[in-house]
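The values are calculated or read from the model by the stated rules, or taken from the named source; none is laboratory data. What you see is a predicted model, and the numbers here were worked out from it, not measured in a lab. Using ideal geometry, Cβ is built from the backbone for each residue, glycine included, and neighbour counts are taken over all protein chains shown.
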Amino acid sequence: MMNPLLIPSPPLSVQWFTFQLKPSYDYIVVGAGSAGSIVACRLAHEMGDKVLLIEAGVGLDAVITDFPGMFINNLKTPSRFWPYVNEPQPEVGQAYGNRQTSEAKGKALGGSSTVNLMIYNRGNRKYYDSIARDFGANGWSFEQLLPYFKKSENNTDPNVDPIYHGRSGPVGVSTPSAIDTPLLHWQKALTEQGFPVVDLNGPTQYGTSIMQSTIRDGMRQSTANSYLEFSDICPDINIVTGAFVTKVLITGQMNNAKAYGVEFKKGNRIYRVMANKEVIISAGTIGSSLLLLWSGIGPREHLHLLGQPVYADLPVGQNLQNHVAVAIPMLIRNTSSVLPTPELNVPQMYQALFENMGPLTQMPVSYLLYNSSVNPDWTYPDIAIHVCVVNQGEFGFKNGKPMGVRLNEWTQYFRHLSYNNYLEVIAVLFRPKSVGNVRLRSPDPQVLPIIEENFLKHPDDKQALLDAIRYAYYVIEETSVSRDVYVNPQPFPGCTYCPSGPVWQCTSYHICIIREVGRSFQNPVGTCRMGGQHRTDVVVDERLRVRGVSSLRVIDTSVFPAVINANANAAALAVGEKGADLVLEDHRTQFGSDPGYDQSWKHKFCTQQRQQIHDSFANRYQFNTSYDYIVVGAGSAGSIVACRLAHEKGNRVLLLEAGDGQDSVMTDFPGMFGYNLQNPSRIWQY
């Protein structure tokens with residue numbers, strides 16, 4: 001059997017993980033993020049399979065990642081993010097370095113669930129119903145997906161409806177208990193405007209709410225600390241961190257290929273490890289599409305231009321969809337009682353560690369979901385206003401740099417905000433019609449890809465975002481919240497307020513700030529689009545199997561065919577739970593309970609060391625649909641033939657035997673020969 005294959009020839013020191021790494025696993029899961037961690041744990045827990053979980057990022061730093069109040073500090077740790085950037089486009093992002101906005105996706109155990117804003121928002125039921133109806137993805141309607149949302153959820157709010165919420169899942173979900181006064185007044189102003197206060201994860205997704213968060217007992221609930229750290233949920237699996245998967249190993253011809261392992265880089269060494277059953281890609285919307293392209297799965301013309309082999313001609317990367325947002329700091333007249341002070345201090349740490357309370361343990365966020373002028377369906381909102389109170393001290397150096405803006409041009413604006421609380425009001429386009437793409441810049445995985453979001457290319461998108469910005473300023477200037485919050489008298493650099501009238505009526509200013517600071521809201525989907533067999537524009541089927549390549553699936557938010565009108569993390573949890581179930585169902589359906597499959601040998605080839613072969617080695621799930629050679633009869637000649645074919649050429653060989661395995665007491669001792677004759681099950685009754 002192949003050991004982890006070292007590709008470079010110069011001898012290097014063997015790192016610790018190689019002693020734990022096996023030559024092969026039943027499943028290899030690429031990406032220990034929101035979905036991948038769940039998939040790996042469920043497969044190991046439900047079936048007792050051997051699972052390898054590979055993560056390019058690092059482990060956890062509890063102080064930085066687990067305290068909700070340290071969210072902004074996460075943004076200042078570049079090692080926790082993939083350094084993806086979008087191609088420059090004139091409609092947005094002119095204030096950012098090189099006029100490129102970032103697509104910051106988590107690179108750590110837990111993926112983006114370790115670094116995101118912790119908002120738990122599933123999205124509209126009509127969105128999920130449209131996946132099943134319009135894309136032929138049977139099994140993905142809202143009612144069919146709801147059990148998987150609930151399966152991962154442990155909601156501690158006693159007021160939520162148990163029809164829509166789970167209370168026994170691994171991921172803690174809570175409603176903030178301490179909310180800043182300005183945020184409460186913002187909520188009050190919205191209700192005065194006629195918006196209902198609703199559970200946006202309940203039966204209605206129109207209105208306003210203080211959002212539920214993936215926080216339990218004052219700590220962030222990533223999939224790393226809610227799944228991977230608990231042995232009762234996630235039994236013994238191999239996890240390798242700091243390992244960058246650069247290729248799925250594939251054999252066969254175009255559209256009739258099979259995945260059999262992965263190649264990854266850790267440090268200066270490259271390794272290969274084999275998958276006996278499946279390779280599962282859960283590397284996120286950008287990462288999963290890139291790994292498929294590096295492996296020869298994608299648009300044929302694009303791969304040919306880069307000299308890549310083509311195993312499946314599929315539209316990988318061609319359906320990138322994402323939210324676009326504009327963040328607007330509004331000034332607060334009074335100080336905050338909830339937020340952490342600009343610098344950490346002992347009382348804050350004591351409260352968080354020993355009392356599960358205090359400013360480090362919360363991140364209250366208000367949400368408003370409603371309709372723009374281009375969307376007549378009030379039950380399916382297309383814009384959102386996301387509001388939270390922020391205090392990050394020297395704003396220009398602590399928040400501006402992670403935002404990516406050109407500090408030399410924005411220094412004065414940032415200093416105006418230094419050590420002040422402000423209300424961050426983010427206008428978000430939640431149902432964009434513009435579509436982008438992800439492509440390889442080079443076949444070298446170390447080279448960053450081409451990411452073209454094409455924000456606001458569709459005219460409806462620009463109008464909808466303008467409506468959201470206009471209404472955000474209207475609430476600040478014309479409602480009761482104006483007693484606590486006011487518009488910054490200094491406009492964004494490069495933009496100018498209208499000479500008269502309120503800012504909410506100044507359309508030219510709204511257009512300008514979109515152009516200057518419009519950017520991704522970090523919820524991309526669609527690059528490995530899912531759909532039914534009748535569709536030619538999809539990458540995976542409704543069971544998340546890559547078309548034309550067996551033993552390969554994609555399980556993450558890249559499979560959603562259109563952008564979710566919500567933050568994507570809750571959907572990622574659900575797709576992880578459902579995806580794991582699909583894998584388990586397919587293997588149970590394929591092999592059922594037929595005892596004949598229980599006798600297919602687990603041993604891949606014969607070794608020089610003597611091995612016990614008995615029924616406990618049998619593994620029905622090891623059976624593949626095709627082999628290079630099939631040998632009928634594991635007798636004196638057949639056993640030799642099968643072993644030699646597998647050993648000398650590395651062929652895939654199936655050896656079939658009508659009898660059962662060996663009982664070493666009965667068969668191996670010469671003196672027991674007579675007893676063998678008394679066991680009719682070991683002899684053909686001719």
Condition set outside any helix (DSSP H, G or I), buried (at least 22 other Cβ atoms within 10 Å of the Cβ) and among the charged types (D, E, K, R), scope the range 531-586, selection farthest from the chain's Cα centre (by Cα): answer is Arg553
Restricting the range 250-263 to residues that are among the hydrophobic types (A, V, I, L, M, F, W, C) and surrounded by 16 or more Cβ atoms within 10 Å (Cβ to Cβ), the one farthest from Arg300 (Cα to Cα) turns out to be Val262
Exception for Ile555 within (1) modelled with pLDDT under 95; (2) under 18 Å from Val51 (Cβ atoms) falls at (1)
Discussion item. So, Thr208, is that one under 30 Å from Pro182 (Cα atoms), in a strand (DSSP E or B) and more than 22 Å from the chain's Cα centre (by Cα) or not?
Written reply: yes
With criteria (1) more than 30 Å from Asn371 (Cβ to Cβ); (2) modelled with pLDDT of 95 or more; (3) not hydrophobic (A, V, I, L, M, F, W, C), Ser480 comes up short on (1)
Residues of the range 211-249 being of a type in the set (Gly, Ala, Ser), more than 25 Å from Leu117 (Cα to Cα) and in contact (Cβ under 8 Å) with a residue 24 or more places away in the chain, in sequence order, are Ala243
- Task: Report whether or not Lys277 is of a type in the set (Lys, Arg) and crowded, with 20+ Cβ neighbours inside 10 Å.
- Result: yes
For Val481, are the conditions met, namely being crowded, with 20+ Cβ neighbours inside 10 Å, assigned by the TED database to the domain that holds Asp377 and closer than 29 Å to Thr191 by Cβ?
-> yes
Within the range 428-482, the residues that are over 19 Å from Ser508 (Cβ atoms), in a helix (DSSP H, G or I) and either touching a His at 6+ places or on another chain (Cβ under 9 Å) or among the small types (Gly, Ala, Ser) (or both) are Ser480, Val481, Ser482
Check your understanding: Would you say Lys247 is crowded, with 16+ Cβ neighbours inside 10 Å, assigned to a strand (DSSP E or B) and modelled with pLDDT of 90 or more?
Key -> yes
Does Asn371 satisfy being on the phi > 0 side of the Ramachandran plot and at pLDDT 70 or above?
no
The number of residues in the range 144-180 that are assigned to a loop (DSSP other than H, G, I, E, B), of a type in the set (A, V, I, L, M, F, W, C) and modelled with pLDDT of 95 or more is 2
Of the listed residues (Ser102, Ser113), the one being among the small types (Gly, Ala, Ser) and surrounded by fewer than 24 Cβ atoms within 10 Å (Cβ to Cβ) is Ser102
Taking first residues from the range 128-147 that are touching a residue at least 24 places away in the same chain (Cβ under 8 Å) and surrounded by 14 or more Cβ atoms within 10 Å (Cβ to Cβ) and second residues anywhere that are among the small types (Gly, Ala, Ser) and assigned to a helix (DSSP H, G or I), the pairs with Cβ under 6 Å that are 6 or more apart or on different chains are Trp140/Ala132; Leu145/Ala574
Report task. Determine whether the range 335-350 contains at least one residue that is modelled with pLDDT of 95 or more, buried (at least 22 other Cβ atoms within 10 Å of the Cβ) and out of contact with any Asp or Glu (no Cβ under 8 Å at 6 or more places or on another chain). Result -> no
Taking the range 181-205 and keeping only residues that are part of a helix (DSSP H, G or I) and surrounded by 17 or more Cβ atoms within 10 Å (Cβ to Cβ), one is left with Pro182, Leu183, His185, Trp186, Gln187, Ala189, Leu190
Picked from the range 17-46 (must be part of a loop (DSSP other than H, G, I, E, B) and either farther than 14 Å from Thr557 by Cα or of a type outside the set (S, T, N, Q) (or both)), the residue modelled with the lowest pLDDT is Gln20
So is Ile215 surrounded by fewer than 23 Cβ atoms within 10 Å (Cβ to Cβ), modelled with pLDDT under 95 and under 25 Å from Ile72 (Cβ atoms) or not?
no
